[in-house]
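The values are calculated or read from the model by the stated rules, or taken from the named source; none is laboratory data. Model, not experiment: these values are computed from the prediction. Accessible surface is based on the protein model in full, side chains and every heavy atom, while ligands, DNA and RNA are left aside. Shrake-Rupley method; radii C 1.70, N 1.55, O 1.52, S 1.80 Å.
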Amino acid sequence: MAKINLRAWREELAAERQKQFVVNIVAAAFLAAVVVFLIGFYFDMQTDRQKARNGYLRTEIAQLDAQLVQIKELKEKRKRLLNRLNAIQELQGTRSLIVRSFDEMVRVLPDGVHYKSLKRNGSVISLAGLASKSDDVSDLMRSVYAS
């Protein structure tokens, strides 16, 4: 039987496999680097988008805060106007009462009595005056009660 030297062929095949292994490792490392770069780029892009959204939300919140301040100011203004309107309506409603009260005070005033001061606190009217006789005061009190 003839002897065939297969050693050279095996060494070439091993060298070829070694080369292929190194190429595969380099390709895998390059592919892994590309994947890591793409994942990092994706996360950066998502972070930038979220920052943009947060910025937009901050501006909208600032606008809403400004509108809330305006609403509070308008509510205060409305409250002041309603108070003023109620005071005017109260004065308009009691206008005829005041005129009638003064008219009655003059009608019931007996001779010998004169008024010195008049004070009104809500619905209570306080009179101060001078009388020549105590009977005149009694007559005034009866006249006021009767009117």
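In the context of the full set of protein chains, residues of the chain present 92 Å² of accessible surface per residue (probe radius 1.4 Å, heavy atoms only).
When the P(r) is computed for the stretch 27-101, the part past 22 Å accounts for 66% of the Cα-Cα pairs.
Counting only alpha carbon atoms, the long axis of helix 7-107 and the longest principal axis of the chain meet at about 0°. Bridgeable aspartates and glutamates around K51 (alpha carbons under 17 Å apart, same-chain partners fewer than 8 residues away excluded): E60. Full extension of the segment from Y145 to A87, taken as 0.36 nm per residue of separation minus the current Cα-Cα distance, would add 18.0 nm. Over the chain, all Cα pairs binned in 5 Å intervals from 0 give whole-percent P(r) values of 2, 6, 7, 7, 5, 5, 4, 4, 4, 4, 4, 3, 3, 3, 3, 3, 3, 3, 3, 3, 2, 2, 2, 2, 2, 2, 2, 2, 1, 1, 1, 1, 0, 0, 0, listed from short to long.
The angle between the Cα long axis of helix 134-146 and the longest principal axis of the Cα atoms of the chain comes to about 50 degrees, rounded to the nearest 10. Across the accessible surface of the chain, with the other protein chains kept in place and a 1.4 Å probe, carbon and sulfur atoms take up 61 percent.
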